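Student: Just passing along the structure, written as C-alpha coordinates.
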Amino acid sequence: MPKTVIDCTNITKTYTNDNLEYQALKGVSLTVQEGEFVAIMGPSGSGKSTLMHILGCLDKPTTGTYLLDGQDVSKMSENELAEIRAKKIGFVFQAFNLLRRTTVLRNVMLPLIYSGVPQKNRRALAEQALRSAGLADESFSHLSNQLSGGQMQRVAIARALINNPSIIFADEPTGNLDTKTGEIVMETFQRLNEENGHTIILVTHEPYIAEYAQRIIHILDGKIVSDEANQHQKMLYNNHNH
(Lines give C-alpha, C1' and ligand atoms only; values in the text may rest on other atoms or scores of the structure.)
Protein backbone atom coordinates (compact mmCIF):
# COMPACT_ATOMS: atom_id res chain seq x y z
CA MET A 1 0.00 0.00 0.00
CA PRO A 2 1.30 3.48 -0.81
CA LYS A 3 1.90 5.63 2.24
CA THR A 4 -0.41 8.61 2.89
CA VAL A 5 1.78 11.71 3.14
CA ILE A 6 -0.97 14.34 3.37
CA ASP A 7 -4.21 13.83 5.25
CA CYS A 8 -6.50 16.85 5.75
CA THR A 9 -9.83 16.69 7.50
CA ASN A 10 -12.32 19.58 7.44
CA ILE A 11 -9.71 22.31 7.03
CA THR A 12 -11.10 25.83 7.31
CA LYS A 13 -9.24 29.12 7.10
CA THR A 14 -10.81 32.39 8.18
CA TYR A 15 -9.06 35.73 7.80
CA THR A 16 -10.20 38.58 10.04
CA ASN A 17 -9.58 42.14 8.93
CA ASP A 18 -11.11 45.14 10.77
CA ASN A 19 -13.85 42.90 12.21
CA LEU A 20 -14.67 41.61 8.74
CA GLU A 21 -14.35 37.86 8.42
CA TYR A 22 -13.48 36.17 5.16
CA GLN A 23 -13.60 32.39 4.98
CA ALA A 24 -11.04 31.32 2.38
CA LEU A 25 -11.42 27.57 2.99
CA LYS A 26 -14.71 25.96 4.02
CA GLY A 27 -14.10 22.40 5.19
CA VAL A 28 -11.54 20.92 2.81
CA SER A 29 -10.70 17.22 3.20
CA LEU A 30 -8.19 15.40 1.03
CA THR A 31 -5.43 12.80 1.11
CA VAL A 32 -2.33 12.51 -1.05
CA GLN A 33 -0.30 9.31 -1.35
CA GLU A 34 3.47 9.16 -1.57
CA GLY A 35 4.62 9.56 -5.18
CA GLU A 36 1.44 11.19 -6.48
CA PHE A 37 1.51 14.18 -8.83
CA VAL A 38 -1.52 16.33 -7.99
CA ALA A 39 -2.68 19.58 -9.58
CA ILE A 40 -4.94 21.94 -7.62
CA MET A 41 -6.93 24.15 -9.98
CA GLY A 42 -9.28 27.04 -9.44
CA PRO A 43 -9.91 30.63 -10.45
CA SER A 44 -8.36 33.57 -8.64
CA GLY A 45 -9.80 33.83 -5.12
CA SER A 46 -10.95 30.18 -5.03
CA GLY A 47 -8.76 29.32 -2.03
CA LYS A 48 -6.14 27.30 -3.91
CA SER A 49 -3.17 29.39 -2.72
CA THR A 50 -4.48 29.38 0.87
CA LEU A 51 -4.72 25.59 0.70
CA MET A 52 -1.20 25.39 -0.74
CA HIS A 53 0.17 27.54 2.11
CA ILE A 54 -1.45 25.30 4.71
CA LEU A 55 -0.29 22.09 3.01
CA GLY A 56 3.22 23.58 2.73
CA CYS A 57 3.27 24.49 6.45
CA LEU A 58 3.53 28.21 5.65
CA ASP A 59 0.23 28.83 7.43
CA LYS A 60 -2.04 27.03 9.88
CA PRO A 61 -5.71 26.14 9.46
CA THR A 62 -8.29 27.93 11.61
CA THR A 63 -10.02 24.62 12.34
CA GLY A 64 -9.57 21.04 11.16
CA THR A 65 -6.62 18.67 11.29
CA TYR A 66 -3.69 18.30 8.95
CA LEU A 67 -1.43 15.26 9.23
CA LEU A 68 1.83 15.40 7.29
CA ASP A 69 3.60 12.02 7.31
CA GLY A 70 1.35 11.11 10.24
CA GLN A 71 2.34 14.18 12.32
CA ASP A 72 -0.36 16.67 13.27
CA VAL A 73 1.10 19.91 11.94
CA SER A 74 -2.10 21.92 12.50
CA LYS A 75 -1.08 22.34 16.17
CA MET A 76 2.64 22.99 15.73
CA SER A 77 4.52 26.15 16.73
CA GLU A 78 6.17 28.42 14.14
CA ASN A 79 9.59 26.93 14.96
CA GLU A 80 8.34 23.37 14.55
CA LEU A 81 6.72 24.28 11.23
CA ALA A 82 9.98 25.89 10.04
CA GLU A 83 11.83 22.68 10.83
CA ILE A 84 9.27 20.58 8.92
CA ARG A 85 9.62 22.94 5.93
CA ALA A 86 13.41 22.66 6.02
CA LYS A 87 13.40 18.85 6.13
CA LYS A 88 10.37 17.61 4.21
CA ILE A 89 9.22 20.29 1.80
CA GLY A 90 10.59 21.99 -1.31
CA PHE A 91 8.93 25.10 -2.77
CA VAL A 92 8.93 26.44 -6.31
CA PHE A 93 7.23 29.81 -6.85
CA GLN A 94 6.07 31.76 -9.88
CA ALA A 95 8.64 34.50 -9.27
CA PHE A 96 11.70 32.15 -9.05
CA ASN A 97 12.94 34.00 -5.90
CA LEU A 98 16.60 33.70 -6.88
CA LEU A 99 19.37 36.04 -5.77
CA ARG A 100 20.06 37.88 -9.00
CA ARG A 101 23.76 38.69 -8.77
CA THR A 102 24.70 35.32 -7.37
CA THR A 103 25.83 32.28 -9.31
CA VAL A 104 23.46 29.45 -10.10
CA LEU A 105 25.50 27.09 -7.91
CA ARG A 106 25.45 29.42 -4.93
CA ASN A 107 21.69 30.02 -5.23
CA VAL A 108 21.15 26.29 -4.94
CA MET A 109 23.68 25.82 -2.11
CA LEU A 110 22.05 28.46 0.12
CA PRO A 111 19.50 26.17 1.86
CA LEU A 112 22.36 23.79 2.74
CA ILE A 113 24.14 26.58 4.61
CA TYR A 114 21.01 27.17 6.71
CA SER A 115 20.57 23.47 7.39
CA GLY A 116 24.17 23.04 8.55
CA VAL A 117 25.52 20.78 5.78
CA PRO A 118 29.36 20.81 5.84
CA GLN A 119 30.90 23.07 3.23
CA LYS A 120 32.79 20.26 1.49
CA ASN A 121 29.52 18.44 0.68
CA ARG A 122 27.51 21.45 -0.49
CA ARG A 123 28.91 21.80 -3.98
CA ALA A 124 28.43 18.14 -4.95
CA LEU A 125 24.84 18.15 -3.63
CA ALA A 126 24.06 21.38 -5.51
CA GLU A 127 25.52 20.06 -8.77
CA GLN A 128 23.51 16.86 -8.42
CA ALA A 129 20.27 18.83 -7.82
CA LEU A 130 20.96 21.08 -10.84
CA ARG A 131 21.52 18.08 -13.10
CA SER A 132 18.30 16.49 -11.78
CA ALA A 133 16.47 19.68 -12.73
CA GLY A 134 17.85 19.45 -16.26
CA LEU A 135 20.48 22.22 -16.25
CA ALA A 136 23.67 21.98 -18.26
CA ASP A 137 26.95 22.05 -16.32
CA GLU A 138 28.17 25.15 -18.18
CA SER A 139 25.35 27.23 -16.67
CA PHE A 140 26.36 26.49 -13.04
CA SER A 141 28.82 29.40 -12.88
CA HIS A 142 26.48 31.93 -14.56
CA LEU A 143 24.82 34.63 -12.50
CA SER A 144 21.11 33.97 -12.21
CA ASN A 145 20.26 37.27 -13.96
CA GLN A 146 22.09 35.96 -17.06
CA LEU A 147 19.64 33.10 -17.50
CA SER A 148 16.42 32.71 -19.45
CA GLY A 149 13.13 32.40 -17.55
CA GLY A 150 13.00 28.66 -18.09
CA GLN A 151 16.57 28.20 -16.83
CA MET A 152 15.80 30.35 -13.78
CA GLN A 153 12.80 28.22 -12.96
CA ARG A 154 14.90 25.07 -13.27
CA VAL A 155 17.44 26.58 -10.87
CA ALA A 156 14.52 27.21 -8.49
CA ILE A 157 13.49 23.55 -8.89
CA ALA A 158 17.06 22.45 -8.11
CA ARG A 159 17.03 24.61 -4.99
CA ALA A 160 13.72 23.00 -3.96
CA LEU A 161 15.31 19.56 -4.40
CA ILE A 162 18.47 20.29 -2.44
CA ASN A 163 17.38 18.98 0.97
CA ASN A 164 15.87 15.89 -0.67
CA PRO A 165 12.31 16.80 0.39
CA SER A 166 9.56 14.21 0.32
CA ILE A 167 7.10 16.72 -1.19
CA ILE A 168 7.58 19.51 -3.72
CA PHE A 169 4.99 22.31 -3.83
CA ALA A 170 4.87 24.38 -7.00
CA ASP A 171 2.76 27.55 -6.92
CA GLU A 172 1.95 28.68 -10.50
CA PRO A 173 5.50 27.65 -11.51
CA THR A 174 4.91 28.49 -15.20
CA GLY A 175 3.07 31.77 -14.57
CA ASN A 176 5.97 33.92 -15.80
CA LEU A 177 6.96 31.67 -18.71
CA ASP A 178 5.85 31.35 -22.32
CA THR A 179 4.00 28.17 -23.29
CA LYS A 180 6.99 26.31 -24.77
CA THR A 181 9.23 27.07 -21.78
CA GLY A 182 6.38 26.18 -19.44
CA GLU A 183 6.17 22.76 -21.07
CA ILE A 184 9.89 22.15 -20.55
CA VAL A 185 9.54 23.06 -16.87
CA MET A 186 6.49 20.79 -16.51
CA GLU A 187 8.38 17.91 -18.13
CA THR A 188 11.07 18.45 -15.50
CA PHE A 189 8.47 18.04 -12.74
CA GLN A 190 7.04 15.01 -14.48
CA ARG A 191 10.46 13.38 -14.72
CA LEU A 192 11.17 14.06 -11.03
CA ASN A 193 7.87 12.42 -10.19
CA GLU A 194 8.25 9.38 -12.47
CA GLU A 195 11.96 8.69 -12.10
CA ASN A 196 12.75 9.96 -8.60
CA GLY A 197 9.37 9.31 -6.99
CA HIS A 198 8.88 12.84 -5.63
CA THR A 199 5.37 13.70 -4.47
CA ILE A 200 4.42 16.89 -6.33
CA ILE A 201 1.56 19.27 -5.58
CA LEU A 202 1.05 21.94 -8.18
CA VAL A 203 -1.24 24.98 -8.04
CA THR A 204 -2.27 26.37 -11.41
CA HIS A 205 -5.18 28.02 -13.20
CA GLU A 206 -3.99 26.78 -16.61
CA PRO A 207 -5.76 23.60 -17.78
CA TYR A 208 -2.86 22.59 -20.08
CA ILE A 209 -0.45 22.74 -17.13
CA ALA A 210 -2.76 20.65 -14.93
CA GLU A 211 -2.73 18.00 -17.68
CA TYR A 212 0.78 16.97 -16.59
CA ALA A 213 -0.54 15.73 -13.23
CA GLN A 214 -1.98 12.28 -12.51
CA ARG A 215 -4.86 13.74 -10.53
CA ILE A 216 -6.66 17.07 -10.73
CA ILE A 217 -8.48 18.70 -7.82
CA HIS A 218 -10.79 21.63 -8.61
CA ILE A 219 -11.45 24.13 -5.84
CA LEU A 220 -14.12 26.84 -5.96
CA ASP A 221 -15.21 29.29 -3.25
CA GLY A 222 -13.11 27.49 -0.64
CA LYS A 223 -14.49 24.00 -1.32
CA ILE A 224 -13.31 21.04 -3.37
CA VAL A 225 -15.81 20.60 -6.20
CA SER A 226 -14.09 17.71 -7.99
CA ASP A 227 -11.14 15.38 -7.40
CA GLU A 228 -10.45 12.99 -10.26
CA ALA A 229 -7.73 10.91 -11.86
CA ASN A 230 -6.49 12.63 -15.02
CA GLN A 231 -7.42 10.42 -17.96
CA HIS A 232 -5.41 12.49 -20.44
CA GLN A 233 -2.13 12.74 -18.58
CA LYS A 234 0.49 14.13 -20.93
CA MET A 235 2.89 11.34 -21.68
CA LEU A 236 6.47 12.34 -21.05
CA TYR A 237 7.83 9.61 -23.29
CA ASN A 238 5.32 9.93 -26.15
CA ASN A 239 7.98 11.47 -28.40
CA HIS A 240 10.20 8.44 -27.94
CA ASN A 241 7.51 5.94 -28.84
CA HIS A 242 6.71 7.03 -32.37
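The values are calculated or read from the model by the stated rules, or taken from the named source; none is laboratory data. Just so it is clear, the structure is predicted and the values come from calculations on it, not from any experiment. Positions of Cβ are generated from backbone atoms using ideal geometry, with glycine treated the same way; all protein chains shown enter the neighbour counts.
Student: Take the residues in the stretch 80-96 that are surrounded by fewer than 16 Cβ atoms within 10 Å (Cβ to Cβ) and closer than 18 Å to residue 114 by Cα, then tell me which one is modelled with the highest pLDDT.
Tutor: At the first step, the residues of the stretch 80-96 found to be surrounded by fewer than 16 Cβ atoms within 10 Å (Cβ to Cβ) are 80, 82-83, 86-87, 95.
Next, from what is left, pick out any that are closer than 18 Å to residue 114 by Cα: 80, 82-83, 86-87.
Details: 80: 90, 82: 86, 83: 86, 86: 83, 87: 83.
Residue satisfying both the conditions and the ranking: 80.
Student: Confirm whether residue 209 is surrounded by 15 or more Cβ atoms within 10 Å (Cβ to Cβ), touching a residue at least 12 places away in the same chain (Cβ under 8 Å) and closer than 20 Å to residue 87 by Cα.
Tutor: Criteria not met by residue 209.
Student: Just to be sure I understand, how many residues within the stretch 166-187 are farther than 16 Å from residue 55 by Cα and either modelled with pLDDT of 95 or more or surrounded by fewer than 23 Cβ atoms within 10 Å (Cβ to Cβ) (or both)?
Tutor: Of the residues in that region, 11 qualify.
Student: Next question, about the same structure. Hey, among the residues in the stretch 63-79 that are in contact with a strand residue (DSSP E or B) (Cβ under 9 Å, 6 or more places away or on another chain) and surrounded by fewer than 17 Cβ atoms within 10 Å (Cβ to Cβ), which one's modelled with the lowest pLDDT?
Tutor: Among residues in the stretch 63-79 that are in contact with a strand residue (DSSP E or B) (Cβ under 9 Å, 6 or more places away or on another chain) and surrounded by fewer than 17 Cβ atoms within 10 Å (Cβ to Cβ), the one modelled with the lowest pLDDT is 75.
Student: Has the stretch 190-202 got any residue that is crowded, with 19+ Cβ neighbours inside 10 Å, more than 13 Å from residue 36 (Cβ to Cβ) and not basic (Lys, Arg)?
Tutor: no
Student: For the stretch 157-185, which residues satisfy the criterion of being in a loop (DSSP other than H, G, I, E, B) and of a type outside the set (A, V, I, L, M, F, W, C)?
Tutor: Answer for the stretch 157-185, where residues must be in a loop (DSSP other than H, G, I, E, B) and of a type outside the set (A, V, I, L, M, F, W, C): 163, 164, 165, 166, 172, 173, 174, 175, 176, 178.
Student: With the requirement that a residue be of a type outside the set (S, T, N, Q), part of a strand (DSSP E or B) and more than 19 Å from the chain's Cα centre (by Cα), what does the stretch 49-72 give you?
Tutor: Hits for the stretch 49-72 are 64, 72.
Student: Output the number of the condition that residue 217 fails; it satisfies all remaining conditions of (1) aliphatic (A, V, I, L, M); (2) closer than 30 Å to residue 30 by Cα; (3) assigned to a helix (DSSP H, G or I).
Tutor: (3)
Yes/no per residue for (1) among the β-branched types (Val, Ile, Thr); (2) farther than 19 Å from residue 197 by Cβ:
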site: 85; (1), (2): no, yes
site: 102; (1), (2): yes, yes
site: 107; (1), (2): no, yes
site: 118; (1), (2): no, yes
site: 146; (1), (2): no, yes
site: 167; (1), (2): yes, no
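Yes/no per residue for (1) under 29 Å from residue 220 (Cβ atoms); (2) among the β-branched types (Val, Ile, Thr); (3) free of Cβ contacts under 8 Å to residues at least 24 places away in the same chain; (4) assigned to a strand (DSSP E or B):
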position: 5; (1), (2), (3), (4): yes, yes, no, yes
position: 13; (1), (2), (3), (4): yes, no, no, yes
position: 32; (1), (2), (3), (4): yes, yes, no, yes
position: 81; (1), (2), (3), (4): yes, no, no, no
position: 90; (1), (2), (3), (4): yes, no, no, yes
position: 96; (1), (2), (3), (4): yes, no, no, no
position: 99; (1), (2), (3), (4): no, no, no, no
position: 109; (1), (2), (3), (4): no, no, no, no
position: 117; (1), (2), (3), (4): no, yes, yes, no
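Student: Another question, then. State which residue is nearest to residue 160 (Cα to Cα) when the search covers only the stretch 106-119 and only residues that are surrounded by fewer than 20 Cβ atoms within 10 Å (Cβ to Cβ) and of a type in the set (A, V, I, L, M, F, W, C).
Tutor: By that ranking, first place goes to 110.
Student: Quickly run through the stretch 156-166 and pick out the residues that are out of contact with any Asp or Glu (no Cβ under 9 Å at 6 or more places or on another chain) and either under 15 Å from residue 35 (Cβ atoms) or among the hydroxyl-bearing types (Ser, Thr, Tyr) (or both).
Tutor: 164, 165
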